[in-house]
Amino acid sequence: MVGSAFDGDEAVKLFGALNPRPDVLLMDYRMPIKDGVTATKEIRVIDPASKIIFLSADETAREQALEAGATSFLIKPVRFAHLLQTINQVLDNH
Amino acid sequence: MSPLKETQKNQDRFSRLVDATGALVVGVDTQGCITLFNKRCQEVTGYSAEEVLGKNIVELFIPVDERPNLMVRFQNLVQGKSPAYSPEVHWITKSGEQRLMRWNNTFITDEAGEVVEIFGIGIDITDWKETQHALEETEAKYRSLFDSVPVGLYRTTPEGQIHDVNPALVEMLGFESKAELLKHKASEFYVHAEARKQFEALIIEAEVVRGFEAQFQRRDGEIIWIELNTRAIRDKNGDIYCYEGSLEDITKRKEAEIKLLAAHQRSEFLVDLMAHDLNNINQGIMMTLELIESDEQLPKHLREGLEASLNQVERSAELIANVKRFQSLETEPRRLSTRDLSPPFHAAVRAVERAFPNKQIFLSTNIQDQTYWVYSDGFLTELFFNILHNAAKMDRNPMVKIEVQASENTTNDFVKVEVQDQGPGVPDSEKNRIFNRYLNGAEGVRGSGIGLTLVQRILQRYGGQIWVEDRVAGDHTQGANFVVLLPRGERG
């Protein structure tokens, strides 16, 4: 199943409400209301085992994202194959 | 003691006293003939007492042009009139030198009250006068400099009362005259009282303030930017009695700086906007194209078209990434250190392989860990990425062959890295231009992006060089040889 949230705030609320939890999350960086770094931190608090692939067009966000608890970081635009490969890697490693 | 002996004793005491004094003591009779000439007089004039006694003082010592005035005074003295002031008179010494003396005169009279002898007690003020004159000259010279220099100069009390200003400052602050400006206190000119407080704190702490910038309000209300350089001056007791310094109108410079900062912020905003929003758009296009591409029914010619479009999107993303890197090159401070060439080089190779998933890149190199050390920073990966990316991009062949050879030249302290490809090469007419697309503003950024220009900029940062040669000399169509010189570092 695939679901989506409009912004970071909605993502955190949705994640908290979902049972079972999503296997993997794709997190954007710049979003209205709550950005990806804050949302990542909050989701990791709810579930420290959550797997979050952070996507941003801004390479400088990499460090912040990984510090916040992102499992992986991809620079936009990302090729489909590369995205799938990363999802598989994240799922295999955990 | 007999009266005679008493008189002799007094005379003896008088002569000793007269000779012991550091002052000039001279006595003349009413005709002006010298009756007394003490030791100091002899030292200063070079004449002995015997040489001058009985001779006319005016004829012997006084320059011709000063004689008439002196004669008037002398006649007054002879008539028993006490002089009202101490005259300054030149004496000509035995060697012909003129010395300036200041005299106090007195006379003695006989029982009838007639003046019989006149005494002069004087000091030689020649040296003192010369020093004073030199001081006056120096003062005048500095005053003239103070008045003519185009920078505002001032002196204030520690409380900010203005003591002195030069014409440049009067004009800078929009006053008609110096007197008018001196009625104001320094603190009145500050637009922000906080700035004055800050300045006071600095001067109290350090006693010297350099390059302090503040906004001043001129008399006509106009606000200007000024730069202050001030130091505290202490008196002989060690107390600060004034501040003196210079004041420069830097409004034009400040406006230019503000404009530059605004332009910089604008460019940062635009680059950020482009990097973020355009790449989000690129992401959308890329995903859509890839979804279409995943349709197995898709005809071959459309698939080829899609693949070409995807390459274009990637090129667009790469261009945007390079623009971002350009910006960080401008803003990041330059901190070079000795680094192993191998890790950044091989990171660049891996990044290029990822960037061309549909090409096979065969790269051979002698660059191994701990072999070559260069002075560089974190941009080294970008540097090789762009050279290798350019080589892989230009080669139409799906099998891209690149050879990279490094060598050390100990005589000129560079590590030379040659990157040879088998792409279409670079015609002679383009060999210099490909590194400078950014600078050829009018022509704009053309076809192959700004990767090599970025390489050039990184090398400028390192003090290195790059140029391109033909892989096979004289035939550019056989591929290019990019030669990079990097400053050699010590083995880490």
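The values are calculated or read from the model by the stated rules, or taken from the named source; none is laboratory data. A quick note: this is a predicted structure, and the numbers were derived from the prediction, not measured. A quick note on method: Cβ atoms are made from the backbone with ideal geometry, for glycine too, and the neighbour counts reach across all protein chains shown. Ligands, DNA and RNA are stripped out before the accessible areas are found, and what is left, the full protein with its side chains, is counted by its heavy atoms. Shrake-Rupley method; radii C 1.70, N 1.55, O 1.52, S 1.80 Å.
Got a number for residues in the stretch B:1-54 being small (Gly, Ala, Ser), outside any helix (DSSP H, G or I) and more than 25 Å from residue B:75 (Cβ to Cβ)?
We begin by selecting, within the stretch B:1-54, every residue small (Gly, Ala, Ser); these are B:2, B:15, B:20, B:22-23, B:27, B:32, B:46, B:48-49, B:54.
Next cut, outside any helix (DSSP H, G or I) only: B:2, B:22-23, B:27, B:32, B:46, B:48, B:54.
Filter once more, so that each one left must be more than 25 Å from residue B:75 (Cβ to Cβ): B:2, B:22, B:46, B:48.
Total meeting the criteria: 4.
Taken over the stretch A:30-39, residues that are in contact with a Ser or Thr (Cβ under 9 Å, 6 or more places away or on another chain) and crowded, with 23+ Cβ neighbours inside 10 Å amount to 1.
Taken over the stretch A:17-29, the residue count meeting the criterion of being part of a loop (DSSP other than H, G, I, E, B) and open to solvent by less than 50 Å² (accessible area, probe 1.4 Å) is 3.
Suppose we keep only residues that are more than 15 Å from residue B:126 (Cβ to Cβ) and not acidic (Asp, Glu) within the stretch B:100-110. Which one would you say is farthest from the chain's Cα centre (by Cα)? Even if it seems obvious, please write down each step before you answer.
Of the stretch B:100-110, the ones more than 15 Å from residue B:126 (Cβ to Cβ) are B:104-110.
Going one step further and asking which of them are not acidic (Asp, Glu), we end up with B:104-109.
On the way: B:104: 56, B:105: 60, B:106: 63, B:107: 67, B:108: 70, B:109: 73 Å.
Among those that are more than 15 Å from residue B:126 (Cβ to Cβ) and not acidic (Asp, Glu), it is B:109.
For the stretch A:58-82, a residue qualifies if it is open to solvent by less than 20 Å² (accessible area, probe 1.4 Å) and part of a helix (DSSP H, G or I), and the qualifying residues are A:61, A:65, A:68.
How many residues are within 11 Å of chain A (Cβ to nearest Cβ) and either touching a residue at least 60 places away in the same chain (Cβ under 8 Å) or open to solvent by 50 Å² or more (accessible area, probe 1.4 Å) (or both) when one looks only at the stretch B:293-310? I'd like the intermediate steps shown before the answer.
First pass over the stretch B:293-310, keeping only residues within 11 Å of chain A (Cβ to nearest Cβ): B:293-294, B:310.
With either touching a residue at least 60 places away in the same chain (Cβ under 8 Å) or open to solvent by 50 Å² or more (accessible area, probe 1.4 Å) (or both) added as a condition, the list becomes B:294.
Result for the stretch B:293-310: 1.
The set of residues in the stretch A:47-57 being surrounded by fewer than 22 Cβ atoms within 10 Å (Cβ to Cβ) and within 17 Å of residue A:7 (Cα to Cα) consists of A:53 alone. On the basis of being among the polar types (S, T, N, Q), buried (at least 22 other Cβ atoms within 10 Å of the Cβ) and either within 44 Å of the chain's Cα centre (by Cα) or at pLDDT below 90 (or both), does residue B:376 make the cut? Yes.
Which one is nearest to residue B:353 (Cα to Cα), of the residues in the stretch A:83-94 that are within 13 Å of chain B (Cβ to nearest Cβ) and open to solvent by 60 Å² or more (accessible area, probe 1.4 Å)? Can you show your working first?
Residues of the stretch A:83-94 within 13 Å of chain B (Cβ to nearest Cβ): A:83-86.
With the extra rule that they be open to solvent by 60 Å² or more (accessible area, probe 1.4 Å), the set shrinks to A:84-85.
Numbers: A:84: 18, A:85: 16 Å.
My answer is A:85.
Once the stretch B:220-255 is narrowed to residues that are out of contact with any strand residue (DSSP E or B) (no Cβ under 9 Å at 6 or more places or on another chain) and open to solvent by 60 Å² or more (accessible area, probe 1.4 Å), the residue that is nearest to residue B:167 (Cα to Cα) is B:220. Taking (1) among the hydroxyl-bearing types (Ser, Thr, Tyr); (2) open to solvent by less than 60 Å² (accessible area, probe 1.4 Å); (3) modelled with pLDDT under 90 in turn, residue B:93 satisfies each apart from (3).
Step by step: first the residues of the stretch B:257-280, then only those that are open to solvent by less than 60 Å² (accessible area, probe 1.4 Å) and within 31 Å of the chain's Cα centre (by Cα), then the one that is nearest to the other protein chains (Cβ to nearest Cβ). Which residue is that? Among residues in the stretch B:257-280 that are open to solvent by less than 60 Å² (accessible area, probe 1.4 Å) and within 31 Å of the chain's Cα centre (by Cα), the one nearest to the other protein chains (Cβ to nearest Cβ) is B:267.
Might you let me know whether the stretch B:191-212 holds any residue that is open to solvent by less than 90 Å² (accessible area, probe 1.4 Å), within 23 Å of residue B:249 (Cβ to Cβ) and of a type in the set (S, T, N, Q)? No, the stretch B:191-212 has no match at all. Note on the stretch B:117-216: enclosed helices (runs of 4 or more DSSP H) holding 2 or more residues that are closer than 30 Å to residue B:21 by Cβ are B:126-148.
Taken over the stretch A:35-57, residues that are within 14 Å of chain B (Cβ to nearest Cβ) and in contact with a Phe, Trp or Tyr (Cβ under 6 Å, 6 or more places away or on another chain) amount to 3.
Candidates B:211, B:238, B:221: the one that is at positive phi, within 24 Å of the chain's Cα centre (by Cα) and not acidic (Asp, Glu) is B:211. The conditions of being free of Cβ contacts under 8 Å to residues at least 12 places away in the same chain and within 16 Å of residue B:124 (Cβ to Cβ) are met by residue B:97.
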